[in-house]
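Chemist: Structure in structure tokens, see below.
The values are calculated or read from the model by the stated rules, or taken from the named source; none is laboratory data. It should be emphasised that the depicted structure is a prediction, and the values quoted were computed from it without experimental measurement. Note: ideal-geometry Cβ built from the backbone for every residue, glycine included; neighbour counts use all protein chains shown.
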Amino acid sequence: MALYSEKVMDHFRNPRNVGVIENADGIGEVGNAKCGDIMKMYLKIDDDCISDVKFETFGCGSAIASSSMATELIKGRPVREAMQLTNKAVAEALDGLPDYKMHCSVLAEEAIRSALEDYYRKNPEKRPEA
Amino acid sequence: MMIYADNAATTKMSRAAIDAMLPCMERDFGNPSSLYSIGQRAKELLEQARADVAAVIGAAPREILFTSGGSEADNQALRSAAELGRRSGKTHIISTAFEHHAVLHTLKRLEKEGFEVTLLDVHEDGLVRPEELQAALREDTCLVTVMFANNEIGTVQPIRELGAICRAHGVLFHTDAVQAMGHLPIDVQADNIDLLSASAHKFHGPKGVGFLYARKGVPLTNLIEGGAQERGRRAGTENVPAIVGMAAALKESAANMQANAERMTKLRDRLIRGIGEIPHAALNGDAARRLPGNVNFCFEGIEGESLLLLLDDRGISASSGSACTSGSLDPSHVLLAIGRVHDVAHGSLRLSIGEDTTEEEADYIIQNVKEAVEYLRSFSPVWRDLMSGKSSFIL
Ligand SMILES: Cc1ncc(COP(=O)(O)O)c(C=O)c1O
């Protein structure tokens, strides 16, 4: 039995949206090197939509795959939808993660949320009413 | 190309071991405790294996106890020495922080039972200093246990000197020789060893079998109670095929040891040189005093599991001390013990080559490790911060 699903391996081997966005509208970085996982997300936002997203990740196979999948799930989507992205959705889209790797999907969710927070901080008028 | 470079995890069985085992299953399948001839034939094979194993390490056959592997041998050695100590009011044990968990977890148990454990520093080079053992010995020390060679970074300890110090103080000396057996010369007399653990699957024997050497006069405590097998020190019908396979594998390894070690050391050093060309990489453990097949590096800015997956895609089987590969949150206790900080310990790679690894394969490994490290760094935020000067390099 393989450690990871084919989907995870596909996103690990061919990660989508790798890289940086210069002058990104929102940047989020979560995790720390001590624990062995860091994810950094860059967002470009136009007309309340995620027009572009890129990531950089230091971490294991499932961390890289989770970042990649998370970017795919939000790219081109309205910001308010991206804000709703859950780790569960990331894990499901990857056809599941081993239990002890679920935190990788949590990190991906947090990285995107953190990048969106950064965007709202810079553009307070865009923040939806609570 | 398919390259198995994880011989420290386990080895492929040798033809000699398999050939020795088959008749034990097909023909000489009797129970060694039975008095009829099929049983007695099995008994002969069992005792021949004991004599063969004993001869390789300079022991007497009666001093060899067959076990289910290295872990059981470690457990029984430590339990036995502790039991002896307890009876004479000695409850202090000396070991090191980078032992295998079979030793460390047994020590933790013993601590709960009232023993006090001192762990010797293994320094940045992964080597115990004999003078520090000397200084740590106490009136109530009942056991010193130091591994022969470390399973992750391969450093070979000054066993003979450590043993001599123990002997001079009348303290029992155990060594976990699981990684060294069949790869380095071991002589329990000259090396001053009282108790020694070994495991067959690390020297091309079968899994689930090993042995404990216990010097004559060192009484053992049973872990398994029951029948009178192994002279009453370990109950259970002996795994004759596995034991016979182990003896065959060990005999062969011992016979070719020097030639194998010379060739493997050359390849090891070729790998160390080649991989060492990667910027911000560092060899773990002393460069010379290490197992002939062991190469272990830390790379800054990357995580080990993703490196292993990439190498696996290129046909290379290796291992890492990253937390992600252990299922725990902390990276390898061995790398932490030699002073590697968490950040770089996560980015470790262990290659343990075998007797049949070729130069061409070594070069293929070097090339692929270089490419994989560079690729992973190309989208690592940690590497970006290091390169931009936002954080500083450790290696
Ligand atoms: C140093 C050391 N001690 C003990 C063991 C445990 O041996 P076994 O797997 O035979 O129980 C190993 C194997 O992983 C080892 O490398």
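Chemist: Give me the residue from the range B:19-39 that is assigned to a helix (DSSP H, G or I) and surrounded by 15 or more Cβ atoms within 10 Å (Cβ to Cβ) and, out of that set, farthest from the chain's Cα centre (by Cα).
Modeler: B:Gly39
Chemist: If you don't mind, another one. Would the range B:181-194 turn up any residue that is within 16 Å of the ligand (Cβ to nearest atom), out of contact with any strand residue (DSSP E or B) (no Cβ under 9 Å at 6 or more places or on another chain) and under 16 Å from B:Ile64 (Cβ atoms)?
Modeler: no
Chemist: Just one of the numbered conditions (1) within 19 Å of the chain's Cα centre (by Cα); (2) closer than 24 Å to B:Val334 by Cβ is not true of B:Ala249; which one?
Modeler: All conditions pass for B:Ala249, except number (2).
Chemist: Oh, and also: Any residue at all in the range B:214-235 that's touching a residue at least 40 places away in the same chain (Cβ under 8 Å), closer than 18 Å to B:Val103 by Cα and crowded, with 24+ Cβ neighbours inside 10 Å?
Modeler: yes
Chemist: Which number in (1) within 13 Å of the chain's Cα centre (by Cα); (2) within 14 Å of another protein chain (Cβ to nearest Cβ) marks the one condition that A:Met69 misses?
Modeler: It is condition (2) that A:Met69 fails.
Chemist: Please identify the pairs in which a residue from the range B:320-338 that is on the phi > 0 side of the Ramachandran plot has its Cβ atom under 9 Å from the Cβ atom of a residue that is modelled with pLDDT of 80 or more, counting only partners at least 6 apart or on another chain.
Modeler: B:Gly327/A:Pro98; B:Gly327/A:Tyr100
Chemist: Residues of the range B:277-296 being surrounded by 23 or more Cβ atoms within 10 Å (Cβ to Cβ) and out of contact with any His (no Cβ under 8 Å at 6 or more places or on another chain), which ones?
Modeler: Across the range B:277-296, the qualifying residues are B:Asn284, B:Gly285, B:Arg290, B:Asn294, B:Val295, B:Asn296.
Chemist: Would you mind telling me which numbered condition in (1) more than 14 Å from chain A (Cβ to nearest Cβ); (2) surrounded by 22 or more Cβ atoms within 10 Å (Cβ to Cβ); (3) among the basic types (Lys, Arg) B:Arg340 fails?
Modeler: Condition (1) is where B:Arg340 drops out.
Chemist: A follow-up question, please. Look at B:Thr175 and say whether it is away from the ligand (no atom under 13 Å from the Cβ), among the hydroxyl-bearing types (Ser, Thr, Tyr), in contact (Cβ under 8 Å) with a residue 24 or more places away in the chain and more than 14 Å from every other protein chain (Cβ to nearest Cβ).
Modeler: no
Chemist: Please list, ordered by residue number, the helices (runs of 4 or more DSSP H) wholly in the range B:65-155 having 1 or more residues that are within 16 Å of the ligand (Cβ to nearest atom) and small (Gly, Ala, Ser).
Modeler: Details: elements: B:70-87, B:101-112, B:130-136.
Here the list reads B:70-87, B:101-112.
Chemist: I need every pair where a residue in the range A:12-23 that is over 13 Å from B:Leu309 (Cβ atoms) has its Cβ under 7 Å from the Cβ of a residue that is among the basic types (Lys, Arg) and in a loop (DSSP other than H, G, I, E, B), sequence separation at least 6 or different chains.
Modeler: A:Asn17/A:Lys75
Chemist: Return the residues of the range A:25-52 that are free of Cβ contacts under 8 Å to residues at least 60 places away in the same chain and more than 13 Å from the chain's Cα centre (by Cα); say none if nothing qualifies.
Modeler: Correct list: A:Asn32, A:Ala33, A:Lys34, A:Cys35, A:Gly36, A:Lys44, A:Asp46, A:Asp47, A:Cys49, A:Ser51.
Chemist: I'd like the residue in the range B:296-312 that is under 24 Å from the mean Cα position of the chain (by Cα) and under 12 Å from B:Leu395 (Cβ atoms) and, out of all such residues, is farthest from the other protein chains (Cβ to nearest Cβ).
Modeler: B:Phe297
Chemist: Quick check on this structure: which one of B:Leu184, B:Leu250, B:Leu271 is of a type outside the set (D, E, K, R) and part of a loop (DSSP other than H, G, I, E, B)?
Modeler: After ruling out the rest, the residue left standing is B:Leu184.
Chemist: Something else: Say whether the condition of being within 27 Å of B:Lys266 (Cβ to Cβ), crowded, with 22+ Cβ neighbours inside 10 Å and out of contact with any Ser or Thr (no Cβ under 7 Å at 6 or more places or on another chain) is met by at least one residue in the range B:302-310.
Modeler: So far as the range B:302-310 goes, no, none of its residues is within 27 Å of B:Lys266 (Cβ to Cβ), crowded, with 22+ Cβ neighbours inside 10 Å and out of contact with any Ser or Thr (no Cβ under 7 Å at 6 or more places or on another chain).
Chemist: From B:Lys216, B:Lys266, grab the single residue that is assigned by TED's automatic domain parsing to the domain that holds B:Ser352 and either under 28 Å from B:Ala318 (Cα atoms) or more than 16 Å from the ligand (Cβ to nearest atom) (or both).
Modeler: Details: B:Lys216 fails: assigned by TED's automatic domain parsing to the domain that holds B:Ser352.
Result: B:Lys266 is the single residue among B:Lys216, B:Lys266 that is assigned by TED's automatic domain parsing to the domain that holds B:Ser352 and either under 28 Å from B:Ala318 (Cα atoms) or more than 16 Å from the ligand (Cβ to nearest atom) (or both).
Chemist: Just name the residue that is surrounded by the fewest Cβ atoms within 10 Å (Cβ to Cβ) out of those in the range A:21-65 that are facing chain B (nearest Cβ under 10 Å) and hydroxyl-bearing (Ser, Thr, Tyr).
Modeler: A:Thr57
Chemist: Give the residue, chosen from B:Leu104, B:Leu45, B:Leu35, that is free of Cβ contacts under 8 Å to residues at least 24 places away in the same chain and among the aliphatic types (A, V, I, L, M).
Modeler: Of B:Leu104, B:Leu45, B:Leu35, the one residue that is free of Cβ contacts under 8 Å to residues at least 24 places away in the same chain and among the aliphatic types (A, V, I, L, M) is B:Leu35.
Chemist: Among (1) among the charged types (D, E, K, R); (2) more than 16 Å from the ligand (Cβ to nearest atom); (3) surrounded by fewer than 17 Cβ atoms within 10 Å (Cβ to Cβ), which single condition is B:Lys207 missing?
Modeler: Evaluating B:Lys207 over (1) among the charged types (D, E, K, R); (2) more than 16 Å from the ligand (Cβ to nearest atom); (3) surrounded by fewer than 17 Cβ atoms within 10 Å (Cβ to Cβ) leaves (2) as the failure.
Chemist: With the range B:288-391 as the region, which helices (runs of 4 or more DSSP H) entirely inside it contain at least 2 residues that are of a type in the set (Gly, Ala, Ser) and under 25 Å from A:Arg13 (Cβ atoms)?
Modeler: The helices (runs of 4 or more DSSP H) meeting that bar are B:304-313, B:323-326, B:359-378.
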